Amino acid sequence: MDLSYSDEQVMLRDSAERFVDANCGADNLRKMRASEEGFSRAYWKQMAELGWLALPFNEDQGGLGGTAVDTNVLMEAFGRGLLLEPYLTTVVMGGGALTAAGGRDDLIGEIIEGNLLLAVGYAEPQARFDLFDVATTARKDGDGWVIDGHKAVVLHGDSADKIIVSARTSGDRRDKSGISLFIIDRGAAGLERRAYPTVDGSRAAELFLNSVRVGANALLGEEGKGLSILEKVSDDAITALCAEAVGAMKVLLDTTVEYTKTREQFGQPIAKFQVLRHRMADMMMEYEQAKSMALVAALKVDSADPVERRKAVSGAKVQIGKSGRFVGQQAVQLHGGMGMTDELSVGHYFKRLTMIDILFGNVDHHLKQFSAAA
């Protein structure tokens, strides 16, 4: 198996890294965190012009027909720059749900042009990491539906133009059948959004759906068969997040090594102390293991074998969670007391790695998933 990047992927990586180096990083994060939406619309339009928003979509949808590995090349670069733009929520999750359900190429075209932002409301307060634990309900009302419920921690739910939500159309709360997906406009009557910043500097929202009425065309895919779409979206999102985490870990590793070469103690750089060299060697090993597992997940996420796919994705999420925590903790420790200050970039990358560990299931959750699949 050839695990090296193709010439096109190398060009994509170089382009993304140039964009990140010029526009992103901890300074940009601080500026965007204080803005109204928490990200730059100008950067989003520039990403559309570069073709990045079209990358994972099929050519007959107007996209570039990219693979999960192509997406990971982008996400790793985004992780290096603490990118706040809603690429994960709009392109990977929202666009992935539209593609899996089929029949909404009009919305995909709007995504590619940079004119549509999507969010996916899949989590609920009682569900923890179980996608099938859905208390939100949708009942038929004439030709349409009426939706009631509460969706928690909807990433970029405050700025999204449309939100894809899961709702139960039949069965009990924890049944794996009877879950449907619906597209709701941001201005729908009865939809209440409470926005807040997350620990890593991004934005999320609590969604309260109080008898929200939608038309028949709001149903995404087949009625009662939305869980399989959610599972696919979750696996794609995990794979992309793993690549983003790898990019963040690389910055922490490089920053720490460089700092130890300049920080002096007892008349010499602390990089010469053997115990610190061992720590940085361990950081390097964790980074390399995480990068390898993230690539395996990208290669296997579209596998027709559900067991192979589950083991690859959950295995990568476990490794990313463990490696991200180790690399982040060591980077903070080796930078001393200033490691967690807002002025230094190290703390921001560690916060992002912590958030990635929790999204779509933490280490313990995915260990169970891997064990069940194995």
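Read the figures in this text as sums done on the coordinates, not as results from a lab. Keep in mind the model is a prediction, meaning the values are calculated, not measured. Please note: Cβ atoms are built from the backbone with ideal geometry, for glycine as well, and neighbour counts cover all protein chains shown.
ARG186 sits among other residues whose Cβ lies under 10 Å from its own Cβ, and their net charge, with Lys and Arg +1 and Asp and Glu -1, is -1.
With only Cα atoms counted, the stretch 228-373 has Rg and Dmax values of 16.9, 61 Å. GNM remark for the chain: springs join alpha carbons under 10 Å apart, and the peak mean-square fluctuation among ALA216, ALA119, ALA297 falls on ALA216. Screening the chain for whole DSSP H helices of 20 Å or more along their axis (Cα) with average Kyte-Doolittle hydropathy at least -1.0 returns 7-23, 227-262, 274-300, 306-334, 345-358.
Taking only the C-alpha atoms of the stretch 120-225, the Rg (one decimal) and the largest Cα-Cα distance, Dmax (whole number), read 13.1, 43 Å. Scaled against 2.2 N^0.38 Å for its residue count N, the alpha carbon radius of gyration of the chain is 1.00.
Charges were assigned to the Cβ only: +1 to each Lys and Arg, -1 to each Asp and Glu. The resulting dipole of the stretch 251-374 about its Cα centre is roughly 220 debye. Where the centre of each part is set by its Cα atoms, how far does the stretch 321-352 sit from the stretch 187-246, in angstrom? Using only Cα atoms to place each centre, the spacing works out to 29 Å. A viscosity of 1.306 mPa s and a temperature of 10 °C, combined with the Kirkwood radius over C-alpha pairs in the Stokes-Einstein formula, give the stretch 19-125 a diffusion coefficient of 111 µm²/s.
For the stretch 46-181, taking Cα atoms only, Rg and Dmax work out to 16.1, 50 Å respectively. Considering helices alone, the calculated mean residue ellipticity of the chain at 222 nm is -16000 deg cm²/dmol, with DSSP H runs of length four and up weighted by -39500 (n - 2.57) and normalised per residue.
Rounded to two decimals, the Cα radius of gyration of the stretch 243-326 over 2.2 N^0.38 Å is 1.39.
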